[in-house]
Amino acid sequence: MIQIINTGVANIRSLQAAFDRLDLTWNLTVSAEEITTATHVVLPGVGAFAAAAESIDQLGLRKAIIDRINHRDSATLCICLGMQLLCESSEESQSAKGLGIIPKAITRFGEGVKIPQLGWNEVRPVDNGPYLAGEAYFANSYRLETAPDGWGAAKTDYGGTFISSIWRGRTLACQFHPELSGTWGESVLTQWIEGITC
Amino acid sequence: MLKSRIIPCLDVNEGRVVKGVKFQNLRDAGDPVELSFHYQDQGADELVLLDVTATRQERIAMLETVERVRQKLSIPLTVGGGIGSINDAGRLLNAGADKVSINSAAVRNPDLIEAMSTRFGSQCTVVAIDAKKQGEIFQVLTRSGTTAEAIDAVAWAAQAEALGAGEILLTSFDRDGTRSGYDLPMLSAVTEACSLPVIASGGADSVAHMVEAFEHGAHAVLAASIFHDANMTVGEVKRKLAAAGIQVRTD
């Protein structure tokens with residue numbers, strides 16, 4: 001059973017449909033206990049950094065998510081804003097506090113590119129990653145600029161290079177939307193489900 | 001590098017695709033689910049469903065259509081047509097749309113753009129602009145092109161950006177249905193005045209028209225009849241675009 005954390009600020013219908021197509025059962029959760037015990041947890045994210053961070057705190061889920069990723073290495077997938085929430089902070093909402101699992105700050109794309117980045121872009125794993133290079137759908141104005149120590153990473157070019165996904169053990173975080181990235185995106189979801197090890 | 005997108009558009013009325021669709025290998029060319037999947041299979045980068053119904057009851061049918069298409073589709077889905085309020089937009093997103101396109105309601109009430117982008121994010125707030133050449137400007141039209149507004153499309157696109165829109169869907173009323181190519185001067189004027197991604201719409205009849213649109217600043221092209229009439233598949237169009245030097249998704 002995949003537990004999808006329901007922060008209430010994300011549009012998660014496409015993600016649910018993607019799991020349905022893969023014949024996987026899912027449940028929406030706001031329970032710290034379920035986040036702790038589930039085999040698979042997804043931290044989705046569409047919307048604003050501050051709203052999602054506040055929602056996690058109001059629901060009392062901060063510690064359960066951090067423990068799951070830092071101490072137990074249970075399968076966890078963080079999508080789009082979900083990936084950004086792993087960091088300490090974001091230029092999008094200066095005062096909001098991220099989960100701080102990654103000691104980095106999220107920044108806005110620079111001059112010279114259309115913002116938001118909307119559309120398909122190339123994803124290139126730079127270390128031996130859990131999945132192959134491919135083309136993925138992005139919808140973001142903010143991004144992680146450099147890979148954190150101790151994590152594998154994939155890169156993408158958009159007004160310079162940014163980090164389009166990172167992985168460590170059984171945790172995978174993607175700036176792109178695997179649930180909207182066609183058959184390649186489905187293969188990323190399948191690999192995460194089946195248990196990536198890096 | 002970000003890819004140039006090819007977006008088929010389906011007009012939906014009472015749960016059925018309207019306008020002639022001439023595929024031979026479909027059981028039912030009027031079923032939005034089957035047709036959406038068919039285009040995805042051909043390599044479409046996104047899909048737009050346009051609700052062309054008029055009544056409230058039919059709008060509820062549209063929600064069911066969006067739900068059914070969503071279950072099948074693994075690419076982004078934009079829904080437009082008749083969205084009048086933030087609640088309308090919320091219902092479509094809950095039904096499975098990834099982006100919602102607003103048009104007449106945004107002109108009547110520009111605050112709707114800001115409300116949607118604050119609540120749901122810029123990335124799912126698409127402002128559709130229908131316009132035609134009028135003297136020196138491109139004049140905005142609303143209510144399916146029946147009402148001329150005292151608004152310049154170029155200034156309106158810039159205002160939509162300032163209010164939080166994430167994308168502009170720009171349709172030329174002069175070119176729509178003419179098969180004479182996109183309105184390139186209008187496209188250039190809007191893409192220069194506004195830093196959002198712009199989807200060009202109205203007038204496409206060939207790959208050459210799409211190449212022109214990308215060369216004039218479009219980030220994506222919308223097309224209906226070129227695909228519905230089965231003149232070309234999405235895959236054929238993308239192969240020809242790639243040969244012309246346009247970067248397209250090839251997965």
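Just so you know, all these numbers are worked out from the coordinates, no wet-lab data involved. Quick caveat, the model's predicted, so the values are computed rather than measured. Heads up, the Cβs are rebuilt from the backbone with ideal geometry, glycines too, and the neighbour counts pull from every protein chain shown.
A compact table of results
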quantity	calculated
Bins of 5 Å, starting at 0 and running to the largest distance - Cα pair percent for region A:2-194	1, 8, 18, 23, 22, 17, 8, 2, 0, 0
Volume in Å³ per residue [convex hull over Cα atoms, computed for region A:19-90]	94 Å³
Efficiency of FRET between A:R21 and B:S188 - r from beta-carbon atoms, R0 35 angstrom, step 0.05	0.30
Residues with amide H under 5 Å from that of B:V17, placed H, sequence gap 5 or more	B:D31
Overall form of region A:126-198 per C-alpha gyration tensor (a/c, 1.5; a/b vs b/c)	oblate
Amide proton proximity set for A:H40, modelled H, under 5 Å, gap of 5+	A:Q3
Beta bridges per DSSP with both ends in the protein assembly as shown, % antiparallel, nearest 5	40 percent
Potential lengthening between A:N70 and A:T183 on full extension [0.36 nm per residue; Cα-Cα distance subtracted]	37.6 nm
Cα-only radius of gyration and Dmax that characterise the protein assembly as shown, units Å	21.2, 67
B:T146-A:E194 pseudo-label distance in nm [points 7 Å out on the Cα-to-Cβ vector]	5.5 nm
Of B:K3/B:K240; A:K155/B:K3; A:K114/A:K155; B:K99/B:K132, pairs whose Cα-Cα distance is over 21 Å	B:K99/B:K132
Structure-based [θ]222 nm, the protein assembly as shown - -39500 (n - 2.57) summed over DSSP H runs of at least 4, per residue, nearest 500	-9000 deg cm²/dmol
In sequence order, calculated HN-Hα J values of region A:100-111 (Karplus, 6.51, -1.76, 1.60; Hz; x Gly/Pro)	x, 5, 10, x, 9, 10, 7, 10, 7, 4, x, 5
For B:A244, distant residues with modelled amide H under 5 Å away	none
In range of the label at A:E54: residues from region B:110-130 whose backbone nitrogen is under 17 Å from the point 7 Å along Cα→Cβ	B:115-122
Cα pair distances exceeding 23 angstrom across region B:165-251, given as percent	18 percent
Residue of B:K99, B:K72, B:K238 that the Gaussian network model of chain B assigns the largest fluctuation, springs spanning Cα pairs under 10 Å	B:K72
Estimated distance in nm for a label pair at A:K63 and A:N128, the labels positioned 7 Å out from Cα along Cα-to-Cβ	3.9 nm
Alpha carbon Rg of chain B, scaled by the compact-globule rule 2.2 N^0.38 Å	0.94
Kyte-Doolittle mean at least -0.5, axial Cα span of 15 Å or more - DSSP H helices of chain A	A:182-194
Per-pair calculated FRET efficiency, R0 = 56 Å: A:S95 and B:E14 via Cβ, rounded to 0.05	0.70
Three-way shape call for region B:85-135 based on the alpha-carbon gyration tensor, with the a/c threshold at 1.5	prolate
